[in-house]
1. Any aspartates and glutamates with Cα under 16 Å of the K102 Cα? List them, leaving off those in the same chain fewer than 8 positions away.
2. May I ask for the net charge around Y411, where only other residues with Cβ less than 15 Å from the Cβ of Y411 are counted and Lys, Arg are +1 while Asp, Glu are -1?
3. Between beta-carbons, use under 11 Å as the cut-off and find the net charge around E380, counting Lys and Arg +1, Asp and Glu -1.
4. I want the local charge near A165. Using Cβ-Cβ distances under 9 Å, sum +1 for each Lys or Arg and -1 for each Asp or Glu among the other residues.
5. When ligands, DNA and RNA are left out and all protein chains stay put, how many square angstrom of accessible area per residue does the chain have with a 1.4 Å probe?
6. From zero up to wherever the largest Cα-Cα distance of segment 88-197 sits, split into 5 Å bins and tell me the percent of pairs in each.
7. With 32 Å as the limit, write out which pairs from K239/K344; K5/K344; K83/K324; K142/K409 have Cα-Cα distances beyond it, or answer none.
8. Once the Cβ-Cβ distance between A328 and D62 is put in as r, and R0 is 35 Å, what FRET efficiency do you end up with, to the nearest 0.05?
Amino acid sequence: MKNLKGACIFGQSGGPTSVINSSAAGVFIEALKQQNITAVYGAEHGIVGILGEKFYDMSKEDPKELELLKYTPSSALGSARYKLKDVAEDDTDYKRILEVFKKYDIRYFFYNGGNDSMDTCNKVSKYLQSVGYDCNVIGVPKTIDNDLYGTDHCPGYASAAKYIATTIMECNLDAKVYNFGLVCIIEVMGRNAGWLAASAELANYKGLGADLIYLPEVPFDVDKFVSDVAAVCERNDNKCIAVVSEGLKTADGKYVGDFKAGANDLFGHATLGGLAGILGGIIKERLNVKVRPIELSLMQRCGAHLASRVDVEEAFNAGAFAVKSAVAGETDKMVVFERDYNAKEYSCKPVLMPLELAANTERTVPLEWITEGGKGISEEFVKYALPLIQGDAKAPLEDGLPRFAQLKKIYAQK
């Protein structure tokens, strides 16, 4: 819908990344420039803030602080994991969203997140269309899992991959200094897609990587894992580094990791974690070697000190492109990255894709990139990922520590 005039609102949802606020900066800075956008709001805790009518007036923020968002990790507005029911089942939330949008004359809605967030964005967009309320809706991608359909890669992934690869290189140097053996098992995030675990291959590219890498795309067998580790230890003075994705599953589809019984999130996903400890216990018992389990946990998604400049800039551009597209009349779309693989140097641009194609879909690592019987990664992955992790983009330092954005967070009022 072209020439819409009214307020815009932006929300963040799902797990944070080190560059999600860079997309927020792109949205806010660009939206504040647009004549057709009369007010710029930031929702507190995503869709929950919209339902609760709690959002911030971003025009009252210091422009310098909005710029600093580019280098500030996590979700500055607060995130949420709230699932909207299908409108046919219960339209209560949808009616409330429409009520809030009408009250504040919101004509542009931008939602920043992964698969489930795009589901929320798509549902809101379709509902507003069904009731005849003019509002341009654009999804802004975000996920360290890199599993959104239709995009070459996702904002947040490159920086997490860079953190993981760097950490593995550092652990490699540390774990091999002693004159006795040590098996180091490093657990990274990734429920059903192994893009993050695959990033360990970037450390191998520099000669300081893992001996074994396991992705959830391939069924995991504990006995085979023990024999794999034993084989590495036999030829390497009882030293071995193995990287495992938290979402490893057995051949019958059951998660290997210790996800607390019944502790699923609101989207029905198992709450994972503890796999490195479990596998470490098994290795220690069966091979009688010293074991060091390491769970990277939140660090891999908030390590802005290792953020990729390419990632930061692309995340910012995705936010700004979403605003420009909406003002130009686009709606019911998600921003995706289109890479030119024929170019001599890395070349990538933002384009749009229908929202429903991204909602609740997952893009996994190509099976042909998984080698050595499911315990290695091919050179093709390195060619894919290496351009994404280039450059540094860090917050300025104060007293030797990063100066992150400090928002006033003044609530909007009507």
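1. Of all the aspartates and glutamates, those that pass the test against K102 - Cα under 16 Å, at least 8 places apart if same chain - are E53, D93, D134.
2. Net of charged neighbours comes to +2.
3. On the way: positive: K383; negative: E201, E368, E379.
Combined, the nearby Lys, Arg, Asp and Glu give -2.
4. On the way: positive: K162, K206; negative: E201.
In short, +1.
5. Values: 17510 Å² over 414 residues.
Computed with neighbouring chains in place, this is 42 Å² per residue.
6. 2, 10, 16, 14, 11, 10, 10, 8, 5, 4, 4, 3, 2, 1, 0
7. Beyond 32 Å between Cα atoms: K239/K344; K5/K344.
8. It comes to 0.75.
The values are calculated or read from the model by the stated rules, or taken from the named source; none is laboratory data. Note that the structure is predicted; figures quoted are calculated from it, not measured. Positions of Cβ are generated from backbone atoms using ideal geometry, with glycine treated the same way; all protein chains shown enter the neighbour counts. Ligands, DNA and RNA are excluded from the accessible area calculation, which covers all protein heavy atoms including side chains. Shrake-Rupley method; radii C 1.70, N 1.55, O 1.52, S 1.80 Å.
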